[in-house]
Amino acid sequence: MNTSSTPSDFLRTIISRDLAQGNISDVVVRFPPEPNGYLHIGHAKSSTLNFGLAAEYGGRCHLRFDDTNPETEDQIYVDSIKQDLRWLGFDWGEHEYYASDYFETLFEWACQLINKGLAYVDDSQENLIRLMRGGVTTPGVHSEFRDRSPEENLELFHAMRSGEFQDGSRVLRAKIDMSHPNMKMRDPLMYRIRHATHYRQGDQWCIYPFYDWAHGQSDAIEGVTHSICTLEFSTNRILYDWYLDALEISARPRQYEFARLNLDYHVTSKRRLISLVQEHVVDGWSDPRMPTLAGLRRRGVRPEAIRSFCQSIGTTRVDSSHHPSLLDHHIREDLNHLAPRIHCVQDPLPVTLSNWPNDHVESLSAPYWPHDIPREGSRTLPFSGELFIERGDFSEDPPKGFKRLTPGGIVRLRHAYMIRCTNVEKDDHGHVTRLVCEWIEGTQSGTKDSDLKPKGTIHWVDVHNSSEAIVRVYQQLLSVPSVEDDLWSSLNPFSLIEHRHARMEPSVTQDSLDQRYQFVRLGYYWRDGTCADSEKPIFNCIVALRDSSVKKDASSQPSQTQVVKDKTLQKKSTADQRPLTPNEEQWLRRSGLNRAVGLAIYGVSEAVAFFDAASASAPRVSVGNWMANHLLPALKDQSISDLPFGPNEFAELVQLADREIGSAHEIRETLKRMFDTGEHPAVLLSTIQESFVSDPETLKEIALEVLHEYEDRVEAYANGKVGLLGFFIGQVMRRVHGHANPKLIQEIVSQELARMTS
RNA sequence: UGCCCUGUAGCUCAAUUGGCAGAGCGCCUGGCUCUGGACCAGGAGGUUCCAGGUUCGAAUCCUGGCGGGGCAACCA
């Protein structure tokens, strides 16, 4: 199976830390689909993440239906989502929840916000509200209803609930900040009026909460600790926190975002999937070409493959798109040890063996498994003078490297004999209709090697002892990696290839209907469950075998030349620096600092005065560097005057660094502690250094330990790879957990190195 | 144009939190084989987006720039 190394990603880092620091005692996550469609491969990523996290950390994962929009949601989707999740192998126990079950609580909480003056009823029209929100660079304006009293708001809100108003006539909004740089904070809507029947709550409600108002609160109600959603919600996080803070409830879930799954050559947007179904481009939601779990399932993909695919792609915050070959790889890996090998000829070409004894039928025994798979079992393969081979396995005019049958050439029929092609029969159009071949006696599979060297081995079936079948081979739905402008022109016209006259070997009739096979040299297949009543059996191709003979088509990985990744472009754009103002120029000249450092200081209020004061007793350049690189960035929101220390203490710190009383690492640590305690730098530094390994003998011991452990590298060092000095220092540093002076280590390591290699 | 996120091998991700830039997939070569599969061995592929700075040492910290994505639904 695939590499079982436990995945490491930013979420696991966060959760491990929360657990270690005691921020939480149990991990509670949730998978929150809206029941308005079928689950697809993207949901598989999200659900394996959440259910996987819960399992790994011994926590739990809730299934919550985010059903706050009565107009699009339906029980059939609830049912299909549950079915798909169970199929994937996930178990949520009794933790099945519905956001709509929280409507009453949400309503009460909204009233609380109204009472606090943090929410108001707005009678403005929809498009006016939109207009008044402003744009990304222009602030919004206040609604004329923004300053209604809590009493009036409460009364109106209750009237909204009791159905006194029409759809769209009023909304409840949070009262935040109409000029907030984040658009989501410009008095977001909390409730709309919708006189619609909810699939679960019926006509109980005519006001419905929006996502932002419902989601975080639902998380809090359920005790969710980590609320993991996709990247497009990252701008919503600030609102998520605002609502929870405003409510002052004890439960405190946190939202984290990760990148959704994109699969090249597949349609992933729900809207487009719907139109494919509605326009009958595909055979419903479970068409084997669809990226829905229902489609994947019908195609024959097993949940194990989907889960291992999802684990292998990792979890990041980077928008990325995956090539389907990776999914294919996991499907094959799953099926390789599971699917017995049988013969199927998809596109039959008749072959007559001219010298085969008349009417003789030989029963050959053929193992189901190749030598490298440790499984037992075989079946009987009837063999006579009338056979079918794959049309593509014969070529009159073979390309270079063709390893199959050619006029006059020899191939082995798998599990049977070698044959030589002696004659090619064609119709009036020059189309090959039949091959006449010579049976080569004594070449049966398993017998001693003959001198003959077949070009290759091909599969076959017996004409009179085989059955017809329909075989469907699928390719990606799109002919381009992603839909550009128009879905219809992006569709791959060859996404379904149907072989109506395929021939199967006879053993198949004895197998159970849900058996998955490898059709030798073709791929993995199984019977289409939805067509059980069809006259001929219908087989779906689950995934083709890897095929290094095929010319790569449009869906192959991009070639190196195709991908320039705009690197040249990026290079060209040298950092054009903005011109300086006269004041800035004067400041730079006066301070004697370089541009970057100088401007960093100039841009922060009080920083110039701080710099001037500090540089009275310490070198200006050092003061500048330490300020720009370490002091100012650590400031975050607070201002310089809030610091528990002043410029004089800072100057002392800089001097400690300058006189090499402390290493850069130690000085940084000292500064960090000054932020917390405000204590004197020299005192802090000496306590830090006390815990340091400063005894040269001890360090020498450790250095020798390292050098012995990495003898090969010492040799490489001796041979001129002097850059390894840094590596040795690093290793010693690691062993003392950073608690030592690097310059001292360098001295010692260099000495020992010189001794060893001289 | 405002705010937020994000740039590591062709692709997707790692890198013990400042210490030798690695893995899987894909690709190429060889071996094995009665599957152009699987398996085994090897290989190519990197200016860690760019330019500066701090440091004994930077993919990692700082400044500036460039590229990509998201946000202005009475959807979620």
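Pop out the Kirkwood hydrodynamic radius of the stretch A:79-137 from its pairwise C-alpha distances, inverse of mean 1/r, in Å to one decimal.
Working: mean 1/r = 0.0630 Å⁻¹.
Kirkwood radius, the stretch A:79-137: 15.9 Å.
Roughly how far apart, in whole Å, are the Cα centres of the stretch A:264-329 and the stretch A:209-238?
26 Å
With +1 assigned to the C-beta of every Lys and Arg and -1 to the C-beta of every Asp and Glu, and no other charges, what is the dipole magnitude of chain A about the Cα centre in debye, to the nearest 20?
On the way: 83 positive and 106 negative charges, 389 e Å.
With only Lys, Arg, Asp and Glu charged at Cβ, the dipole is about 1880 debye.
Placing +1 on the Cβ of each Lys and Arg and -1 on the Cβ of each Asp and Glu in the stretch A:80-198, which of A:Trp109, A:His180, A:Thr197 has its Cα farthest towards the positive end of the resulting dipole?
Toward the positive end, the furthest listed residue is A:His180.
Taking every alpha carbon pair in the stretch A:140-252, what does the distance histogram look like in 10 angstrom bins from 0, in percent?
Result, from short to long distances: 12, 37, 38, 13 percent.
Quick one: Karplus J couplings for the stretch A:623-639, per residue in order, coefficients 6.51, -1.76, 1.60, θ = phi - 60°, nearest Hz, x for Gly and Pro?
Per residue, the Karplus-derived 3J(HN,Hα) values read 4, x, 4, 5, 5, 5, 8, 10, 6, 4, x, 6, 5, 6, 8, 6, 9 Hz.
At q = 0.11, 0.17, 0.21 Å⁻¹, what base-10 log of I(q)/I(0) does the Debye formula yield for the stretch A:316-448 when every alpha carbon is treated as an equal point scatterer in vacuo?
Values returned for q = 0.11, 0.17, 0.21 Å⁻¹ are -0.55, -1.03, -1.30.
Using only Cα atoms, tell me the angle between helix A:103-115 and the longest principal axis of chain A; keep it within 0 to 90° and round to the nearest 10.
Taking Cα atoms only, the helix is inclined about 20 degrees.
Pairs of alpha-carbon atoms within less than 8 angstrom and 6+ residues apart define the contacts here; what relative contact order does chain A have, in percent?
Working: 1207 pairs, mean separation 59.5, N = 758.
Rounded, it is 8 percent for chain A.
Based on the Cα coordinates of the stretch A:74-231, what is the per residue volume of their convex hull in Å³?
Details: hull volume 22.4 nm³, N = 158.
Enclosed volume per residue, from the Cα hull, is 142 Å³.
Taking the Cα atoms of the stretch A:395-444, report the difference between the largest and smallest coordinate on each principal axis, in whole Å and largest first.
Each principal axis gives a Cα extent; for the stretch A:395-444 these are 37, 23, 16 Å.
So which of A:Lys45/A:Lys270; A:Lys184/A:Lys636; A:Lys700/A:Lys743; A:Lys426/A:Lys453 end up more than 20 Å apart, counting from Cα to Cα?
Cα-Cα > 20 Å for A:Lys184/A:Lys636; A:Lys426/A:Lys453; rest within.
Compute, for the stretch A:402-542, the length of the dipole vector about the Cα centre, with Cβ point charges of +1 (Lys, Arg) and -1 (Asp, Glu) only. Units Debye, rounded to 20.
Details: 17 positive and 19 negative charges, 146 e Å.
Result for the stretch A:402-542 is approximately 700 debye, rounded to the nearest 20.
Would you order A:Trp587, A:Trp205 from fewest to most other beta-carbon atoms within 10 Å of each residue's own beta-carbon?
Values: A:Trp587 18, A:Trp205 22.
In order of increasing Cβ crowding within 10 Å: A:Trp587, A:Trp205.
For A:Ala502, list long-range residues whose amide hydrogen, built 1.01 Å from N in the peptide plane, is under 5 Å from its own amide hydrogen.
A:Ala469, A:Val471
First select every other residue whose beta carbon is under 13 angstrom from the beta carbon of A:Phe31; then total the charges, Lys and Arg +1, Asp and Glu -1. Please list the in-between numbers first.
Numbers: positive: A:Arg30, A:Lys45, A:Arg60, A:Arg64, A:Lys82, A:Arg86; negative: A:Glu34, A:Asp66, A:Asp84, A:Asp91, A:Glu96, A:Asp219, A:Glu222.
Neighbourhood net charge equals -1.
If amide hydrogens are placed 1.01 Å from N in the peptide plane, which non-local residues have theirs closer than 5 Å to the one on A:Gly134?
When sequence neighbours closer than 5 places are left aside, the close amide H contacts are A:Val141.
Order of A:Glu94, A:Glu104 from fewest to most other C-beta atoms within 10 Å?
Ascending Cβ contact count within 10 Å gives the list A:Glu94, A:Glu104.
The stretch A:1-73 to the stretch A:428-445: how many Å between their Cα centroids?
The stretch A:1-73 and the stretch A:428-445 have Cα centres separated by 58 Å.
Ignoring everything except DSSP H segments at least 4 long, calculate the 222 nm mean residue ellipticity for chain A; use -39,500 (n - 2.57) per segment, divide by total residues, nearest 500.
Details: 26 runs with 268 residues, N = 758.
Using -39500 (n - 2.57) per qualifying helix, the result is -10500 deg cm²/dmol.
Tell me the angle of helix A:696-709 to the major Cα principal axis of chain A, expressed in degrees between 0 and 90 and rounded to the nearest ten.
Rounded to the nearest ten degrees, it is 10.
Please work out the ratio of the alpha-carbon Rg of chain A to 2.2 N^0.38 Å and round it to two decimals. Walk me through the numbers on the way to the answer.
Numbers: Rg = 35.9 Å, N = 758, 2.2 N^0.38 = 27.3 Å.
So the Cα radius of gyration is 1.31 times the expected 2.2 N^0.38 Å.
Just the Kirkwood number for the stretch A:193-295, please: inverse of mean 1/r across all distinct Cα pairs, in Å, one decimal.
Details: mean 1/r = 0.0596 Å⁻¹.
Across the stretch A:193-295, the inverse of the average 1/r is 16.8 Å.
Once the Cα atoms of helix A:647-658 and of chain A are each reduced to a long axis, what angle between those two axes, in degrees from 0 to 90 to the nearest 10, is obtained?
50 degrees
Suppose we keep just the alpha-carbon trace of the stretch A:44-94; what are its Rg and Dmax in angstrom?
Values for the stretch A:44-94 (Cα only, Rg and Dmax): 12.2, 37 Å.
Dipole of the stretch A:590-727, Cα-centred, from +1 at each Lys and Arg C-beta and -1 at each Asp and Glu C-beta, to the nearest 20 debye?
On the way: 11 positive and 21 negative charges, 166 e Å.
Roughly 800 debye, rounded to the nearest 20.
Can you give the log10 of the normalised intensity I(q)/I(0) at q = 0.12, 0.26 Å⁻¹, computed with Debye over equal Cα scatterers of the stretch A:130-205?
-0.42, -1.18
Can you give the local net charge around A:Ile702? Use residues other than it whose beta-carbon is closer than 13 angstrom to its beta-carbon, Lys and Arg +1, Asp and Glu -1.
Working: positive: A:Lys700, A:Arg734, A:Arg735; negative: A:Asp695, A:Glu697, A:Glu701, A:Glu705, A:Glu709, A:Glu752.
Net charge around A:Ile702: -3.
Given 10 °C and 1.306 mPa s, compute D for the stretch A:437-541 with the Stokes-Einstein relation, Rh being the Kirkwood radius over Cα pairs; round to the nearest whole µm²/s. Before the final figure, lay out the partial values.
Working: Rh = 17.1 Å.
Translational diffusion coefficient: 93 µm²/s.
Mind sorting A:His665, A:His226, A:His337 by how few other Cβ atoms lie within 10 Å of their own Cβ, fewest first? Walk me through the numbers before you get to the answer.
Details: A:His665 15, A:His226 23, A:His337 12.
Sorted ascending by nearby Cβ count, the order is A:His337, A:His665, A:His226.
Per residue of the stretch A:175-187, what does 6.51 cos²θ - 1.76 cosθ + 1.60 with θ = phi - 60° give for ³J(HN,Hα)? Whole Hz please, x for Gly and Pro, Karplus curve as stated.
9, 10, 6, 6, 10, 5, x, 8, 4, 5, 8, 7, 6
Pull up all non-local amide H partners of A:Ser479: gap of 5 or more, or a different chain, and H-to-H distance under 5 Å with H placed in the peptide plane.
A:Leu491, A:Asn492
If you take all C-alpha pairs in the stretch A:615-733, what percent of them are over 26 Å apart? Spell out each step's value before the answer.
Working: 2731 of 7021 pairs.
Roughly 39 percent, once rounded to a whole number.
For the stretch A:1-98, what is the largest minus smallest coordinate of the Cα atoms on each principal axis, given in angstrom and ordered from greatest to least?
Here the spans come out as 43, 35, 23 Å, largest first.
Coordinate-derived values only; no laboratory data. As the structure is a prediction and not an experimental result, all values here were calculated from the model. As a convention, Cβ positions derive from the backbone with ideal geometry for all residues, glycine included, and neighbour counts pool all protein chains shown.
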